[in-house]
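One structure follows; several queries about it will come next.
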Amino acid sequence: MVDIKVVKNVLKLNDEVAAINRQALREHRIACIDLMGSPGAGKTALLETTLDRLREDLNVGVITGDIATTRDAERLAHRACDVTQINTGGSCHLDANQVRQGMANLNLDTLDLLIIENVGNLICPIGFDLGQSAKVGMFSVPEGEDKPAKHPRVVLECDLLLLNKIDLMPHIPFDHDVFMRDLHAIRGDARLIELSAVRGGTGFDAWCEWLRGLVAQAKAEGLASAPA
């Protein structure tokens with residue numbers, strides 16, 4: 001008989017470490033998002049523009065995951081308060097223990113928001129709790145309108161979805177009606193923000209306000225749970 005306890009034990013251990021991460025973030029009153037998207041969806045470009053927008057009122061740290069290189073961290077280093085790179089060496093996602101190690105390299109006392117840029121993948125990362133406050137899934141116009149239908153778990157489990165590169169719609173075949181129909185067929189209350197990470201503008205005010213709301217919630221929950 002095949003023993004499947006190994007897989008269960010791995011996930012159980014991950015969840016236990018994720019709970020430790022979540023408690024540490026709560027104690028420091030830090031909001032945290034796990035940003036997931038395919039390679040080339042525009043996650044790092046999104047963070048570049050986001051960090052520029054938030055720098056005046058929020059201290060933001062970034063943990064960026066990749067199979068190899070430190071290029072994403074280098075792009076973000078002069079924009080964020082604190083950045084650390086995690087190279088997985090081949091793994092298609094970050095796990096809670098890797099995030100815990102990344103958090104150890106950050107000054108949590110100074111941060112309002114921690115953004116985890118997961119490894120480029122829409123399949124593996126969604127199943128691993130990292131200790132985040134919210135999951136954000138990113139689709140992009142060049143990937144095609146069928147991505148919600150092909151990745152329903154992303155739609156079901158993410159607190160917010162982004163559709164990036166909307167400035168390319170006039171130039172790339174993309175059926176927006178099909179995209180929206182599939183999205184809401186999977187989850188009627190799915191929240192979506194459409195934006196262009198490179199050009200900014202449309203959608204970015206809503207995205208940044210959502211992040212600020214998450215930070216405000218983390219601060220309020222931290223105050224509520226603080227000992228008298």
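Bear in mind that the values in this text are calculations on the coordinates, not laboratory data. It should be emphasised that the depicted structure is a prediction, and the values quoted were computed from it without experimental measurement. Counting neighbours? That spans all protein chains shown, and the Cβs are built from the backbone with ideal geometry, glycine included.
By residue number, which cysteines of the chain lack any other Cys whose Cβ falls under 4.7 Å from their Cβ?
Lacking a cysteine Cβ partner under 4.7 Å: Cys32, Cys81, Cys158, Cys208.
Next up: If the only charges are +1 at each Lys and Arg Cβ and -1 at each Asp and Glu Cβ, what is the size of the charge dipole of the chain around the Cα centre, to the nearest 20 debye?
320 debye
Right, here's the next one. Ordered by packing density, taken as the mean number of other Cβ atoms within 10 Å over each peptide's residues, highest first, how do 63-70, 129-136, 210-217 rank?
Top of the packing list down: 129-136, 63-70, 210-217.
Also: Under a 5 Å amide H to amide H cut-off, with H placed in plane at 1.01 Å, what residues pair with Leu160 once short-range neighbours are removed?
Lys135, Gly137
Now for a separate question. Here are some values of volume of the Cα convex hull per residue in Å³: [x] 145; [y] 136; [z] 123. Which one was computed from this structure?
Here the calculated entry is [x].
Still on this structure: Want the number for Asp175 to Asp159: 0.36 nm per residue separation, take away the alpha-carbon distance, what's left? Mind dumping the intermediate values first?
Values: separation 16, 0.36 × 16 = 5.76 nm, distance 2.37 nm.
Stretched out fully, the Asp175 to Asp159 stretch lengthens by 3.4 nm.
Return the Cα extents of the stretch 1-120 along principal axes one, two and three, sorted largest first, each rounded to a whole Å.
58, 34, 19
Search the structure for amide H atoms under 5 Å from the amide H of Asp129, placed 1.01 Å from N in the peptide plane, and list their residues when 5 or more places away or on another chain.
Sorted by chain and number, the residues that satisfy this come to none at all.
When only C-alpha pairs under 8 Å and at least 6 residues apart count, what is the relative contact order of the stretch 5-222, in percent? Walk me through the intermediate numbers first.
On the way: 424 pairs, mean separation 56.9, N = 218.
For the stretch 5-222, the relative contact order is 26 percent.
Still on this structure, please answer the following. I need the calculated FRET efficiency for the pair Ile67 and Asp189, taking r as the beta carbon distance and R₀ as 41 Å, to the nearest 0.05. Intermediate results must be reported in sequence, preceding the final value.
Working: r = 34 Å, r/R0 = 0.83.
Approximately 0.75, to the nearest 0.05.
On to the next question. For the chain, build the charge dipole from Cβ charges (+1 Lys, Arg; -1 Asp, Glu) around the Cα centre, then report which of Met169, Ser91, Ala73 sits farthest towards its positive end.
Ser91
Along the charge dipole of the stretch 5-222, Cβ charges K/R +1 and D/E -1, which of Ile33, Met180, Ala216 sits furthest on the positive end?
Ile33
Apply the Karplus curve 6.51 cos²θ - 1.76 cosθ + 1.60, θ = phi - 60°, to the phi angles in the stretch 163-173 and return the couplings in whole Hz, x for Gly and Pro.
Each residue of the stretch 163-173 in turn: 10, 9, 6, 5, 5, 8, 4, x, 10, 10, x Hz.
Related question: Which whole-Hz ³J(HN,Hα) couplings does the stretch 146-158 yield from phi under the Karplus relation 6.51 cos²θ - 1.76 cosθ + 1.60, θ = phi - 60°, glycine and proline marked x?
So the J values, rounded to whole Hz, are 8, 5, x, 5, 7, 10, x, 5, 4, 5, 6, 9, 7.
Right, next: Taking H as built 1.01 Å from N, whose amide H comes closer than 5 Å to the amide H of Val62, not counting residues under 5 places away?
Asp82, Val83, Thr84, Ile115
Now for a separate question. What length, rounded to one decimal in nm, is gained on full extension from Ala24 through to Glu74, with 0.36 nm per residue of separation minus their alpha-carbon distance?
Using 0.36 nm per residue and subtracting the Cα-Cα distance, I get 15.4 nm.
Which semi-axis lengths, in whole Å and largest first, follow from the square roots of five times the eigenvalues of the Cα gyration tensor of the stretch 124-173?
That gives 24, 12, 7 Å for the three semi-axes.
Which helices pass in the chain if a helix is a full DSSP H run, must span at least 20 angstrom along its long axis by Cα, and must have mean Kyte-Doolittle hydropathy not below 0.0?
204-225
Go through the stretch 119-125 residue by residue and turn each phi into a ³J(HN,Hα) via Karplus (6.51, -1.76, 1.60, θ = phi - 60°); whole Hz please, and just put x for glycine and proline.
Karplus values, whole Hz, x for Gly and Pro: 4, x, 4, 9, 10, 5, x.
Quick one: length gained pulling Cys208 to Ala134 fully straight, 0.36 nm per residue minus the C-alpha distance?
Full-extension gain reported as 25.2 nm.
Taking other Cβ within 10 Å of each residue's Cβ, how do His93, His184 sort, fewest first?
Lowest count first: His184, His93.
Next question. For the chain, what is the calculated [θ] at 222 nm in deg cm²/dmol (nearest 500), taking -39500 (n - 2.57) for each run of four or more DSSP H residues and dividing by its residue count?
-12500 deg cm²/dmol
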